[in-house]
Amino acid sequence: MDYTALILKNKGVPCEFAALEPDETGKLRRVFTEDGTFKRVTLHVRFNHNAIADIEDFYGSLESWQKSMDEKPTSTLRRTLAIVLGQDLFQTGEMMIEGESAVYSTAIGTAWAISNGVDPTVASLLHKQSLELAEKQKEEQTRIIKETLSKEQTKVSRGKTGSQSGPKQTDQ
């Protein structure tokens, strides 16, 4: 993706989302390709005065918004993206790609920094570093899960059910 200073400042921070279209009932659903993957669209996260004012109105203050990011990260992330992208909550939630919360949070942080006067060239570098860190964290989580599963598979089984034998009944 293009994270140049000019793009970040003028269009916003590019992020990939799942493409949606209405199904036969009119409800928005992901668009899948023939190979079973979903189509992706690139949208730009950018804070303007309308978005900032809407965040203030909803959360009461920017401090409360930041506190909500810590306490309710998923719902706050979804609502923030909905406000910034000018969409409703359901649409935004359906478009958000699972496992990409760190990418969306990074985009919001970068866009917020630019809206507060951070040089887009510096923001671009920080954004790239944050994305690299998020990817490394995902890889580490995957490694730990694989390692844990591998250890579980090598344990000795206690029979078909995996449970220990119970106490023996005595003759009466």
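Report the extension gain between residue 118 and residue 72 in nm, rounded to one decimal, defined as 0.36 nm multiplied by the number of residues separating them, less their alpha carbon distance.
Net length gain for the segment: 13.9 nm.
Starting from the Cα-Cα distance between residue 139 and residue 41, subtract it from 0.36 nm times their residue separation and give me the gain in nm to one decimal.
So the chain would gain 32.9 nm between residue 139 and residue 41.
Can you work out ³J(HN,Hα) from phi for every residue in region 44-53, in order, using Karplus 6.51 cos²θ - 1.76 cosθ + 1.60 and θ = phi - 60°, giving whole Hz and x for Gly and Pro?
These are the phi-based 3J(HN,Hα) values: 10, 8, 8, 8, 10, 5, 5, 5, 5, 5 Hz.
Tell me the label-point distance for the pair residue 16, residue 151, using the 7 Å Cα-to-Cβ offset, in nm and rounded to one decimal.
For residue 16 paired with residue 151, the spin-label model returns 3.2 nm.
Tell me the relative contact order for region 13-150 as a rounded percent, counting alpha carbon contacts under 8 Å between residues six or more apart.
Relative CO of region 13-150 lands at 24 percent.
Once the Cβ-Cβ distance between residue 56 and residue 126 is put in as r, and R0 is 30 Å, what FRET efficiency do you end up with, to the nearest 0.05?
0.75
I need 114, 97, 145 ordered by Cβ neighbour count within 10 Å, fewest first.
Exposure proxy ranking, most exposed first: 145, 97, 114.
Arranged by the count of other C-beta atoms within 10 angstrom, fewest first, what order do 95, 1 take?
Working: 95 24, 1 12.
In order of increasing Cβ crowding within 10 Å: 1, 95.
Can you give the three extents of the C-alpha atoms in region 93-147 along their principal axes, from longest to shortest, in whole Å?
Result, largest extent first: 44, 26, 10 Å.
Bear in mind that the values in this text are calculations on the coordinates, not laboratory data. All figures in this text were calculated on a predicted structure; none of them were measured in a lab. All Cβ positions, even for glycine, are placed from backbone atoms using ideal geometry, and neighbour counts span all protein chains on display.
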